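The values are calculated or read from the model by the stated rules, or taken from the named source; none is laboratory data. Because the structure is predicted, anything quoted here is derived from the model rather than measured. FYI the Cβ positions are ideal-geometry reconstructions off the backbone, even for glycines, and counts take in every protein chain you see.
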Amino acid sequence: MHRVRDGDRRRRRAPRIPGLTRWLLVRGRGDRPLDRVVSAEDIKAHSSTRRPSVATGDAAILYASVWQCVFGVVEVTGPLEHDPERERWAWRFGISPLVVVDDLDRAPPVEAAGIFPSSIWRHSYIRLTDEQFETARRLIERAA
């Protein structure tokens, strides 16, 4: 389990840790779905077409869109970067995996966390409630 150091508490937004925002990060698309086997070592960054509101220290759940399951808990570790040469996926930020289900066949369905695919459609990230995040985190930890 990831622990927060005292010096980090000021920059996080959550009831327990002021400043922590919780996200769902959408991975894979219909034309490029994720492979069934997931390697935590390959999870290093997330990209978005629109400028995301994420900040270093935020927490996120990884969602495999084609598989419609949640499979990882990550922390945003890098600054937001913009590549003006790119039309799509021009925004990028570093992430570090905390817990990952390495086989998507064992990953829990996104609905089990109270998140419905219709609310995710056409987004690369959405904000989660504390309850959605904690439920997804527990499901992922059990499956991992």
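Worth a mention:
- V66 being part of a strand (DSSP E or B), among the hydrophobic types (A, V, I, L, M, F, W, C) and either on the phi < 0 side of the Ramachandran plot or over 15 Å from the mean Cα position of the chain (by Cα) (or both): no
- Leading residue by the ranking (modelled with the lowest pLDDT) among those in segment 24-50 that are part of a strand (DSSP E or B) and of a type in the set (V, I, T): V26
- As a summary of the residue check, W89 satisfies the conditions (1) in a loop (DSSP other than H, G, I, E, B); (2) of a type in the set (A, V, I, L, M, F, W, C); (3) on the phi < 0 side of the Ramachandran plot except for the one numbered (3).
- When restricted to residues that are surrounded by 13 or more Cβ atoms within 10 Å (Cβ to Cβ) and of a type in the set (D, E, K, R), segment 107-129 contains 1.
- A107 being among the aliphatic types (A, V, I, L, M), assigned to a loop (DSSP other than H, G, I, E, B) and out of contact with any Lys or Arg (no Cβ under 7 Å at 6 or more places or on another chain): yes
- For segment 38-63, residues that are of a type in the set (A, V, I, L, M, F, W, C), buried (at least 18 other Cβ atoms within 10 Å of the Cβ) and more than 10 Å from the chain's Cα centre (by Cα) total 3.
- Test result for E134, acidic (D, E) and under 13 Å from the mean Cα position of the chain (by Cα): yes
- Test for I126: is it touching a residue at least 60 places away in the same chain (Cβ under 8 Å), closer than 20 Å to R51 by Cα and within 15 Å of the chain's Cα centre (by Cα): yes
- Residue check for H82: at pLDDT 90 or above and more than 15 Å from the chain's Cα centre (by Cα): yes
- The residue list T21, T56, T77 contains one member that is under 14 Å from E134 (Cα atoms) and at pLDDT 90 or above, which is T21.
- Among (1) buried (at least 16 other Cβ atoms within 10 Å of the Cβ); (2) closer than 20 Å to R36 by Cβ; (3) at pLDDT below 95, the one test that I140 misses: (3)
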